[in-house]
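Scroll down for the structure; my scribbles are underneath it.
The values are calculated or read from the model by the stated rules, or taken from the named source; none is laboratory data. Because the structure is predicted, anything quoted here is derived from the model rather than measured. Neighbour counts run over all protein chains shown; Cβ positions are idealised from the backbone, glycine included. In case anyone asks, the SASA skips ligands and DNA or RNA and just uses the protein heavy atoms, side chains included. Shrake-Rupley method; radii C 1.70, N 1.55, O 1.52, S 1.80 Å.
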Amino acid sequence: MAKEPRRAVQELLRWPGNTRCADCGAPDPDWASYTLGVFICLSCSGIHRSIPQISKVKSVRLDAWDEAQVEFMASHGNEAARATFESKVPSFYYRPTSSDCQLLREQWVRAKYERQEFILLEKQEPYSAGYREGLLWKRGRDNGQFLSRKFVLTEREGALKYFNKNDAKEPKAIMKIEHLNATFQPAKIGHPHGLQVTYLKDNSTRNIFVYHEDGKEMVDWFNALRAARFHYLQVAFPGASDMDLVPKLSRNYLKEGYMEKTGPKQTEGFRKRWFTMDDRRLMYFKDPLGYHWPHGITIVTPDRKFLFTCETEADRKEWVEAFQRVVDRPMLPQEYAVEAHFKHKP
């Protein structure tokens, strides 16, 4: 006797490649696109529903299935879909995971199935050409107001520049690709497409916050920055493989959040600051004054002791664990060189 179709489609979930979501890699997917032949998680199924002309979804466990749909799923599946729809993903292109923001996951799904960017190479022009310019909304440093600014990314000059006026001859800022990082920060910026760009200026870390109303436009900028970083690193490290370089293209922060800090003498009042743990660099940014939090951390350096406090014991524990992971990691030769530069800078 033939298996009941719903049970048959559930058994397909055990096949290699089908045990994780085809789009974000989340374990145990229990939804499927029966027009694309892929198994996906609940979160990604919502994205698929937004492109009904391409993808139609069903619950593997709750919805009714017919034999033709089961046969289609059996003849396709996640591995076959990946071979088709991801056949030409550039090494630098960011492949989002289940923990990434909605924008990255949505544009990844649309890029694969709707625009077929990884089948048709000409569709990759917006982020692979080595040059890009356009208008982004940038947050002002002093008043926090977002204003439209012209941005230019040029691999030839190894820089991202922005201009306060469209016809300005000189850029307001030049951010070297060598020291640049970009990370999506929708909650911090207050916009679902918000991107934080971090760069070095005079050995100090600077941030700019930008967004674009068009989600594709913002993700294209993000991947264009990664492409520029990738090509810079290929020249800087000619023997390195793509696998070695890709983790260096952009990085999410190890830990972010509020702590309170006091001054070098530890006699001043505690002030609430936003702290960011970026690889081996701990940065803090000014914020309104707050009450004194009770859960303390002391970091001892050769120059001084830093005393911080956290609002809760759980926060303190998370910060200590993040610090410990970095301290326990062996230093690379490049990191010793950076340390020596900062120690002996004029």
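Mind checking whether some residue in the stretch 263-274 is over 30 Å from Ser91 (Cβ atoms), β-branched (Val, Ile, Thr), modelled with pLDDT of 70 or more and in a strand (DSSP E or B)?
No; the residues of the stretch 263-274 include none that is over 30 Å from Ser91 (Cβ atoms), β-branched (Val, Ile, Thr), modelled with pLDDT of 70 or more and in a strand (DSSP E or B).
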Within the stretch 150-161, residues outside any loop (DSSP other than H, G, I, E, B) and closer than 30 Å to Leu254 by Cα come out as Phe151, Val152, Leu153, Thr154, Ala159, Leu160, Lys161
Tell me, which residue of the stretch 195-237 that is in a loop (DSSP other than H, G, I, E, B) and farther than 24 Å from Gln124 by Cβ is least open to solvent (accessible area, probe 1.4 Å)?
Asn203
State all residues of the stretch 109-134 that are within 17 Å of Glu213 (Cα to Cα) and either polar (S, T, N, Q) or touching a residue at least 24 places away in the same chain (Cβ under 8 Å) (or both); if no residue qualifies, say none.
Arg110, Pro126, Gly134
So, Arg95, is that one more than 30 Å from Gln234 (Cβ to Cβ), open to solvent by 60 Å² or more (accessible area, probe 1.4 Å) and in a loop (DSSP other than H, G, I, E, B) or not?
no
Residue check, Leu245 over 18 Å from Glu133 (Cβ atoms), of a type outside the set (Lys, Arg) and in contact with a Leu (Cβ under 9 Å, 6 or more places away or on another chain)
yes
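Table: residues versus (1) touching a helix residue (DSSP H, G or I) at 6+ places or on another chain (Cβ under 6 Å); (2) surrounded by fewer than 21 Cβ atoms within 10 Å (Cβ to Cβ); (3) of a type in the set (A, V, I, L, M); (4) part of a loop (DSSP other than H, G, I, E, B).
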residue	(1), (2), (3), (4)
Arg6	no, yes, no, no
Pro29	no, no, no, yes
Ile54	yes, yes, yes, yes
Asp63	no, yes, no, yes
It is to be established whether one or more residues within the stretch 162-179 are within 30 Å of Val89 (Cβ to Cβ) and either assigned by the TED database to the domain that holds Thr276 or assigned to a loop (DSSP other than H, G, I, E, B) (or both).
no
Take the residues of the stretch 108-144 that are crowded, with 17+ Cβ neighbours inside 10 Å and under 30 Å from Lys165 (Cβ atoms): which is nearest to the chain's Cα centre (by Cα)?
Tyr127
Contact list, first residue from the stretch 51-80 and assigned by the TED database to the domain that holds Pro27, second anywhere and of a type in the set (S, T, N, Q), beta-carbon distance below 6 Å, six or more apart or interchain, is Ser55/Ser33; Ser55/Thr35; Lys56/Thr35; Val57/Ser33; Val57/Ser45; Val60/Gln10; Gly77/Asn18; Asn78/Asn18
